[in-house]
Amino acid sequence: MPQSVEKLSDTRSDLAEGALWDPNANRFYWCDILGMAIHARDWETGEERSWTFPSTVGSFGLTTRDNVLVVALRDRVVTYDLESREILDTLAEIEADDERTRTNDGKVGPDGAFYVGTMDDRPTREPIGALYRVTASGETDRLVDELTISNGLAWSPDGRTMYHADSRPGRIDAYDFNPASGDMSNRRTFVQLTNETGRPDGGTVDANGHYWSAGVSAGVVNRFDRDGQLVERIDMPVPRPTMTCFCGPHLDAIAVTSLRPLNDEALLSAYPQSGHVFLFQPGAARGLPPHRFKL
């Protein structure tokens, strides 16, 4: 059990997501989707840097080149140089002809490809989103259809199980996954959640194969074992946690991003720390190093 949950950074986002640890740079990253920015914090010094973009930033990942990220902008996937602050290449367009959707949660898989989902960006939240696989050559495969808010991407320690959530219906699915080819099969329900138990937003898997899910509707982080059984529930100091990520040189801390409920003034007033990133120690659990996009 964590002893306490503390605020990691004074930087506040409208919609913080994309939590990511870079072991090479000893740096923690996150994005503000609506703020159209990526932020980074040096783990030792606490120094922070930010990069702004021309559209929403749904998600991003590390690549095999230091200081180069793969980034999901609103309707395209690009590579971005952190030092020059320039977009290097556009790898793929993602539903660029559909103004109703935008990219959302994304991660690099064990196969070195970038997986990114889309969501209905309108208040109606209809199941018109999808999940995509993008490679450095620009090859783009549409993997899953009829998603409302694609979320929760993570892989088991051996890379042979992929987890993927749809936040609105509250379901986390598991797939058999080939870590060499990226082939997916045998879709099944891993966990079904509700507003009260915490609909799944972003998630991560620890070295024991447990899945840590940000319960965005219930102000909690839920930990599930390999069989999908709830084994721990951690209360957050904000009502809308959005993403979990193991971080630190020993991958022994968990960072949790959150959003500001801009359409609920009473909730925002009651929880003024909403939109910040938080940190807690998860006991004996340790994380897994992030995969890198193969350039």
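Observations
- Residue count for segment 232-255 under the criterion of being part of a strand (DSSP E or B), within 20 Å of E44 (Cα to Cα) and touching a residue at least 40 places away in the same chain (Cβ under 8 Å): the result is 5.
- Segment 256-272 - residue that is assigned to a loop (DSSP other than H, G, I, E, B) and loosely packed, with under 15 Cβ neighbours inside 10 Å and, of those, nearest to the chain's Cα centre (by Cα): L262
- Screening the candidates G228, G287, G275 for the property of being at positive phi, within 20 Å of the chain's Cα centre (by Cα) and surrounded by 17 or more Cβ atoms within 10 Å (Cβ to Cβ) yields one hit, G275.
- Among the criteria (1) assigned to a strand (DSSP E or B); (2) within 17 Å of the chain's Cα centre (by Cα); (3) closer than 30 Å to E265 by Cα, the one H164 does not fulfil is (3).
- Filtering segment 55-67 to residues that are touching a Leu at 6+ places or on another chain (Cβ under 7 Å), surrounded by fewer than 24 Cβ atoms within 10 Å (Cβ to Cβ) and farther than 15 Å from Y115 by Cβ leaves S55, T56, T64, R65, N67.
- S150 meets each of the listed conditions (1) of a type outside the set (K, R); (2) touching a residue at least 40 places away in the same chain (Cβ under 8 Å); (3) at positive phi apart from (3).
Every residue, every condition in (1) free of Cβ contacts under 8 Å to residues at least 60 places away in the same chain; (2) out of contact with any strand residue (DSSP E or B) (no Cβ under 7 Å at 6 or more places or on another chain); (3) under 18 Å from S150 (Cα atoms), yes or no:
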residue: P200; (1), (2), (3): yes, no, yes
residue: G203; (1), (2), (3): yes, no, yes
residue: N208; (1), (2), (3): no, yes, no
residue: S213; (1), (2), (3): no, no, yes
residue: V216; (1), (2), (3): yes, no, yes
residue: T257; (1), (2), (3): no, no, yes
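- Applying the criterion of being closer than 16 Å to D225 by Cα and aliphatic (A, V, I, L, M) to the residues of segment 166-183, the residue that is surrounded by the most Cβ atoms within 10 Å (Cβ to Cβ) is I172.
- Applying the condition of being among the β-branched types (V, I, T), more than 23 Å from A113 (Cα to Cα) and crowded, with 17+ Cβ neighbours inside 10 Å to segment 184-225 and asking which residue is farthest from the chain's Cα centre (by Cα) yields T197.
Each reported figure results from applying straightforward, stated rules to the coordinates on display, with no laboratory input. The structure presented is a predicted model; accordingly, all values stated were derived computationally and were not measured. Virtual Cβ from ideal backbone geometry, glycine too; neighbours counted across all protein chains shown.
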